[in-house]
1. Are there any pairs, at least 6 apart or on different chains, whose C-beta atoms fall under 6 Å, with the first in segment 53-79 and surrounded by 10 or more Cβ atoms within 10 Å (Cβ to Cβ) and the second of a type in the set (A, V, I, L, M, F, W, C), and if so, which?
2. So, of the residues in segment 54-74 that are among the polar types (S, T, N, Q) and within 15 Å of the chain's Cα centre (by Cα), which turns out to be farthest from residue 44 (Cα to Cα)?
3. What number of residues in segment 6-31 are open to solvent by 60 Å² or more (accessible area, probe 1.4 Å) and over 14 Å from the mean Cα position of the chain (by Cα)?
4. Check 34, 50 and return the single one that is of a type in the set (Gly, Ala, Ser), in contact with a Leu (Cβ under 8 Å, 6 or more places away or on another chain), at pLDDT 80 or above and open to solvent by less than 100 Å² (accessible area, probe 1.4 Å).
Amino acid sequence: MVRVDFDLFMERYGYKILLAIFGMIVAGIFAIIGIWAYVALKYLGLLFGGLIIALVAVRSLMNRRILDAQARVFSKYFYDDRRRR
């Protein structure tokens, strides 16, 4: 029976395994989004489904800007890096 050193195994294959797991997670996210878009277009019709997809895309972009602005404001409020007098 051959014993493989764990450090050598991780050095040789560890990053590839982590990259594969991360790739599967990202592919799964895109697959879920794609399935959702397909169902919206198939069952709601091309015009209404496209409108729903466009509204969700615009809302997600606006939500990102809103959350970014909130994060900047909260970071100034809670983590003020100015020197104290």
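1. Matching pairs, first to second residue: 53/37; 53/40.
2. 63
3. Adding up the residues that qualify gives 14.
4. Only one candidate passes the filter, namely 50.
The values are calculated or read from the model by the stated rules, or taken from the named source; none is laboratory data. Treat the numbers as computed from the prediction; the structure is a model and nothing was measured. Cβ sites come from the backbone with ideal geometry, for glycine too, and all protein chains shown count toward neighbours. Remember, those area values only see protein heavy atoms, side chains included, never the ligands or the DNA or RNA. Shrake-Rupley method; radii C 1.70, N 1.55, O 1.52, S 1.80 Å.
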